[in-house]
1. Just one of the numbered conditions (1) at pLDDT 95 or above; (2) under 30 Å from residue 22 (Cβ atoms); (3) more than 16 Å from ligand 2 (Cβ to nearest atom) is not true of residue 197; which one?
2. Run down 72, 104 and say which single residue is within 20 Å of residue 190 (Cα to Cα), away from ligand 1 (no atom under 13 Å from the Cβ) and at pLDDT below 95.
3. I'm trying to understand the selection: among the residues of the stretch 132-155, which are within 15 Å of ligand 1 (Cβ to nearest atom), in a strand (DSSP E or B) and among the polar types (S, T, N, Q)?
4. Could you check the stretch 132-172 and list, in sequence order, the residues that are under 30 Å from residue 104 (Cβ atoms) and among the β-branched types (Val, Ile, Thr)?
5. Looking only at the stretch 67-124, which residues are within 28 Å of residue 24 (Cβ to Cβ), without any contact (Cβ under 8 Å) to a residue 24 or more places away in the chain and hydrophobic (A, V, I, L, M, F, W, C)?
6. When residue 167 is evaluated against the numbered criteria (1) surrounded by fewer than 14 Cβ atoms within 10 Å (Cβ to Cβ); (2) under 22 Å from residue 100 (Cβ atoms), which criterion, by number, is the only one it fails?
7. Limited to the stretch 102-129, what total is found for residues that are surrounded by fewer than 22 Cβ atoms within 10 Å (Cβ to Cβ) and assigned to a helix (DSSP H, G or I)?
8. Considering every residue within the stretch 69-82, establish whether at least one is surrounded by fewer than 22 Cβ atoms within 10 Å (Cβ to Cβ), over 18 Å from the mean Cα position of the chain (by Cα) and under 25 Å from residue 7 (Cα atoms).
Amino acid sequence: MIIKSTSFVKSATRPSNYPESGRLEIAFAGRSNVGKSSLLNVLINRKNLVRTSSTPGRTQLINFFDLNGELTLVDLPGYGFAKVPLAVKKQWGPMIRTYLHSRTTLAAVVMLFDVRRVPREEDLQLLDWLEEFSVPTIPVITKIDKVSRIKRHKQIQPIADATGLPLEAFTLFSALTKEGRDEVWERLDVAIEEMAEEMGAELSADLDAES
Ligand SMILES: Nc1nc2c(ncn2[C@@H]2O[C@H](COP(=O)(O)OP(=O)(O)O)[C@@H](O)[C@H]2O)c(=O)[nH]1
Ligand SMILES: [Mg+2]
């Protein structure tokens with residue numbers, strides 16, 4: 001993907017406020033502070049278009065970004081931050097589920113895991129929903145710069161075990177060193193292509209039905 005232009009489109013909480021979904025879309029999900037916004041910025045070569053934060057968890061908004069006027073990138077609200085009020089925590093599940101099943105042009109969700117944390121309830125919940133709604137999922141282990149190369153395997157195995165995904169399913173990434181950036185883009189390109197084909201097939205089936 002050649003990045004020509006990027007911009008913030010809007011924030012929304014419910015479908016009536018989402019931007020129109022004419023374009024293919026990729027969303028980024030994971031717990032608060034896992035590095036969603038940082039990954040997005042690295043992917044689009046911007047320092048801080050997507051706001052990163054050291055006091056995570058207060059925003060419960062779905063943030064939409066435009067790439068090249070062709071693709072929509074979505075920063076989904078995080079979860080798992082202890083200091084968030086219960087009322088806000090309760091909104092997260094319905095907000096994410098509604099997004100996942102109503103966004104028909106969603107080509108993939110990039111699901112982030114912190115290399116230093118064993119996935120918990122909400123992570124596994126989210127993986128279940130992605131499966132339920134048949135959303136192609138790209139698992140990424142981030143902050144890989146935080147562990148030395150020799151300790152990587154030992155750190156990553158519990159994440160694979162907890163999620164039930166094979167080790168090879170994970171792309172290792174660091175927003176600091178940009179390791180893994182190209183691999184994430186390759187996987188996104190594949191997902192985009194597959195979704196475009198699927199939509200093309202649907203479109204021609206519709207046209208056949210009409211003619
Ligand atoms: N060392 C390191 N720090 C990171 C990485 N990705 C994110 N961070 C830091 O982790 C914090 C949270 O990142 P952010 O992208 O805002 O997480 P989000 O809440 O998931 O959007 C920030 O202080 C980032 O600078 C990474 O790959 N390596
Ligand atoms: Mg963020």
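1. For residue 197, the failing item is (1).
2. On inspection, the qualifying residue turns out to be 104.
3. 142, the sole residue that qualifies.
4. 135, 137, 138, 140, 141, 142, 163, 171
5. Answer for the stretch 67-124, where residues must be within 28 Å of residue 24 (Cβ to Cβ), without any contact (Cβ under 8 Å) to a residue 24 or more places away in the chain and hydrophobic (A, V, I, L, M, F, W, C): there is none.
6. With respect to (1) surrounded by fewer than 14 Cβ atoms within 10 Å (Cβ to Cβ); (2) under 22 Å from residue 100 (Cβ atoms), residue 167 is out only on (2).
7. 8
8. Scanning the stretch 69-82 turns up at least one residue that is surrounded by fewer than 22 Cβ atoms within 10 Å (Cβ to Cβ), over 18 Å from the mean Cα position of the chain (by Cα) and under 25 Å from residue 7 (Cα atoms).
The values are calculated or read from the model by the stated rules, or taken from the named source; none is laboratory data. All figures in this text were calculated on a predicted structure; none of them were measured in a lab. Positions of Cβ are generated from backbone atoms using ideal geometry, with glycine treated the same way; all protein chains shown enter the neighbour counts.
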